[in-house]
Structure formats: structure tokens, C-alpha cells
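Where a number appears in this text, it was derived from the coordinates with a stated rule and is not lab data. Worth saying up front: this structure is predicted, and the values here are computed from it rather than measured. A quick note on method: Cβ atoms are made from the backbone with ideal geometry, for glycine too, and the neighbour counts reach across all protein chains shown.
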Amino acid sequence: MKRFVTALVALALPLQPVFAAAPALQPAEETAIDAAVTKALKETGVPSAEIAVVRDGQIVLSRAWGKPSETLTQPDPALPYQIASNSKQFLAALLLLLEDDDKIDLDDKVSKWLPELPDGNKITVRQLLSHTSGLQDFWPQDYSFPAMEQPVQPMDIVRRWGMKPLDYTPGSRWQYSNTGFVVAGLIAEKAGGAPLWDQLEARIFKPLGIHPYDIDETNGPKFPQGYHRNALGPVRVAQPPAKGWLWAAGELSMTAAELAKWDIARINRTLLTKQDWEEMERPVRLADGTWTTYGLGVSKHLSGGRWVVDHGGESVGFLSQNSVWTDDKIAIVVLTNGDFAGVQEELTSKIAEIVLPKAVQADIGEKARLDDVRATLAGITTGKFNPALFTENGRYYFSAQTLGDYRASLAPLGPLKSATATRPPRLRGGFVNRVFKLVFAKKTLTLITYAEPGAKGRWEQFMVTP
């Protein structure tokens, strides 16, 4: 889902923290998280956030910020937020458990369970859970459409969207489909012989010690309220859809701490077998041999050199992000009651920088040297090349011809508006490698540098490129 809008609204409200005893976050980490959340809410206008952090397989932070609703004006980490599509991983887990019971095979054709689905003989249950079924998504929009003002039953969704011609041959493409999960929910009920909620409660919620709500039950005065924003207009209360629209595709409301307990089970490989967790997280391969980053109800991909299992969620007025670094035994849950601005992703990234182990390769104790970059570039483009700033090889590179080309091609671009590092410095060949984005009045270019270590190390390379 795309999120672009930001703005300056909202007042910071009193904080009510709840922390686990051990292994606790350091005071500096708590302060940094508090500052990041407070700043994000103030700058975007998102009314509130609820966050949980897991470290070493234990919850070390469960905390809320801001205003949950017009009637609940104080933050409270015990309030359940709508997690929407983060619910998909729970349905995938249930179907894996049913497969362990020999009640279903994920490679069964859908037609075995729902013979009324026209193309069910072409689609497997696994493809429903991996978004490779070809079934058209009934809700790609980031807003509710007219039909959502009326209650709906799962089979109503299947009849309207699931019986359309497939968008593509099953297994040939990855395309997000809430419709596929509605079909999967119906199959889970048939295979398990009980309503979906009853099965989730018995096999997942009770063993975890959590007490989620059906999302339709949380559209009331005792629960957090969703908010929306039109462009840069005022933040307004969002009108929730009628009952039934998020069934099986995003039916859960829970606290951040409750979702964190599920993450702990993933980290420790409990509740499900190790093999089931691995199967859920294993990215699916398409018919052409290429790989997706999506498994069964979750995504798995590299971020900053670390493997992360994650998913997002969106309902009307709510956005959430759940990310688990299984190798590091760390999880971050961010729940918000604004369906704009992308605060959930921004805060996940900022909190990850605070709580994840520092990457040794990324931290070599060297600064970006932005002032030196600007000064050196200005000298080159104005005919004031200073050879003392360069190594012998660097001086060799900047021959009279090279200097002439630099002046002739860069001077017409106008003044340098900004220079920013595109990644942390790193070592190579005894030099410090830095890469910069150069924004001129008329063009944006890349600068690749190598320099001797230290604050005033001479330039071995100072190369501007398209």
C-alpha cells in the first residue's frame, strides 16, 4: 500500500508506559523510542500509536502514545487496535495445524473444498495463502467503497470476486488478494469442522494466552477509533465498513503486546512445529523459476543485511506493522489509528535502528565529510583544484583534461543545492569508501569517493557520475 501524506498537527498527550522487568531496554533506548514516536505523531497528525518490542524472546516494551478515540483520550497499552492483514498469518498457521492433523493438504485443489468456485480445479490452498492464486482482490483501494456500507457474508465476496475470470494463471505471478484469504477461511472451516473463530481461539489464542476481538466488535466507544485524512486536510474520524468485510483476510483486533506474544512463539518455534514455521516463512517460487518474498501469510526478506519476517495491515482508519528478526530474537509491533502518512513503517525502521544489534561492518568510526565534499567539488568546478587534498593517484586522475571536463560539464548545472550520503562509510583497499547524492539546480548526480582514513584523509578518488 502506498502512503505519501505528511503534515504538522496533533498535540503530544501524556504517556503511560508499561515495561517488563527483564531484559529491560536501556534508559537511552527508551528515551530514543519515546522521542521518535512523539515526533512522528506530531509531524503527521496520526492520533495515536501502540508499540511493543521483543528482545531475547521477551517483551521489553509495551507502551501507548496519543489519543485512541474521541471518547478515550488517554493512551493505554491495554487497548486492542485493528491489525487487519496482520491477521493473515494466523489463518495460515491454522491451516498448517490442520495439515498436521491430516485434515487437509495445502496442495489440495480448492475445488475439493469449494466445488462451486469456477477455477477451483486450477488453484491450490497453498496458492491462496501465498497470493499466487490469480483470484481478483476485492479490496485493493486505500478507502472503503459503496458496497462496504452494507454487511456482507464470506460467500457474497466469493460470488462477486472469486467467480470472475482469474487475473493470471495460478502460480505464474504474485498479486496480493484478500479474496484468496476469504476462500482459505471457508476451506479452514470445512476442514476443521468448526467456525473459523472457534478454531483460532482453541488452537492459537488460548495457548498463547491472548484475547483478541473480532474486528467488527471493536467499532464502538470502548475501543480505539480509526482516523483518516484527505490530502493535507484536517484529521477526521473514519467511518468503518459494515460487518463482514475483513473476515479471514483481516478479522483481528488485539494489543501490541498480544501480537508480540505471537512473535515470541515464532522466535522460539513454539505452538507450531519448527517445520511449520519454516514452511510459513519460506518464500514461494513462481512457475518461471523466480522467487517472491512472500511465504504463507507473511513476507521474508533481507533488510539492512538481516532477515526479517514481516507483514503490514490496513483497515479503514488503522495501519499496523509487525516485524520479526528471528535470528536476533527481536520483534517490533507498531499499531496506529490513522490510515495515512505511513507512521507504522517509519517507526518500525527507527525503532529497529535503536534495538537491533549494531552492524559492525557499517560502523567504522568514519563521518560523511559533507563539508569537505562541498568544498572539494566547488574547487574543482571553479578552477581552484587543490592538489594537496589528493593522494598521488588522485592527482594523477585529475589531469588537465579531466579538470576541464569537470568544469565544462558541472558548472552549467548551477549551484549545488544539497549533498547527502547514500549509505554509511565502509572500508575497501585501505581507503574509506563513501557515496553521495549531489542535487544541483538542474540535475542530480552521484559522487563516489575513496579517501585515506581519518577526518582529513586525502582523496584517492573523487568521481562524479550520472
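Relative to the Cα centre, the charge distribution of the stretch 65-140, modelled as +1 at Lys and Arg Cβ and -1 at Asp and Glu Cβ, gives a dipole magnitude of about 220 debye.
Our compactness index for the stretch 370-465, the C-alpha radius of gyration over the empirical 2.2 N^0.38 Å, is 1.02. The three principal axes of the Cα atoms in the stretch 361-401 give end-to-end lengths of 37, 20, 16 Å, sorted in falling order. Backbone amide hydrogens, once placed in the peptide plane, bring residue 440 within less than 5 Å of 417, 445, excluding anything fewer than 5 places away on its chain.
Sorting 109, 367, 456 on the 10 Å Cβ count, fewest up front, what's the list?
Placing the least packed residue first, the sequence is 456, 367, 109.
Holding the Cα-Cα limit at 27 Å, pick out from 103/206; 39/243; 39/442; 164/243; 164/274; 222/274 the pairs that are longer than that. From the list (103/206; 39/243; 39/442; 164/243; 164/274; 222/274), the Cα-Cα distance tops 27 Å for 39/243; 39/442; 164/274; 222/274.
Quick check: from the Cα gyration tensor, does the stretch 120-193 come out rounded (a/c under 1.5), prolate or oblate? In terms of gyration-tensor shape, oblate. In a reduced charge model with +1 at each Lys and Arg Cβ and -1 at each Asp and Glu Cβ, the stretch 412-466 shows a dipole moment near 180 debye about its Cα centre. For the stretch 163-239, the calculated P(r), taken from all Cα-Cα distances in 10 Å bins from zero up to the bin holding the longest distance, is 13, 26, 29, 27, 5 percent.
Farthest toward the positive end of the dipole of the chain, out of 231, 425, 313, is the Cα of 425, where the dipole comes from beta carbon charges about the Cα centre. Taken over the stretch 287-427, lysine pairs spaced eight or more positions apart, or on distinct chains, with alpha carbons under 17 Å apart number 4. Helix-only arithmetic for the chain: the sum of -39500 (n - 2.57) across DSSP H runs with n ≥ 4, divided by the residue total, places the mean residue ellipticity at 222 nm at -8000 deg cm²/dmol. When each of 254, 280 is scored by the number of other beta-carbon atoms lying within 10 Å, the sequence from fewest to most is 280, 254. Only one residue of 123, 144, 185 has its Cα farthest out toward the positive end of the dipole of the stretch 81-355, where Lys and Arg carry +1 and Asp and Glu -1 on Cβ, and that residue is 144. Close amide H pairs (under 5 Å, H built 1.01 Å from N) link residue 123 with 110, 111, residues at least 5 positions away or on another chain.
For the stretch 81-355, the calculated P(r) over all alpha carbon pairs, in 10 Å bins from 0 to the bin holding the longest distance, is 7, 30, 37, 22, 3, 0 percent. Among the listed values [x] 4, 19, 29, 26, 14, 5, 2, 0, 0, 0; [y] 4, 12, 15, 14, 13, 10, 9, 7, 6, 5, 3, 2, 1, 0, 0; [z] 4, 18, 24, 21, 16, 11, 5, 1, 0, the one matching P(r) over Cα pairs in 10 Å bins from 0, in percent as calculated from this structure is [z].
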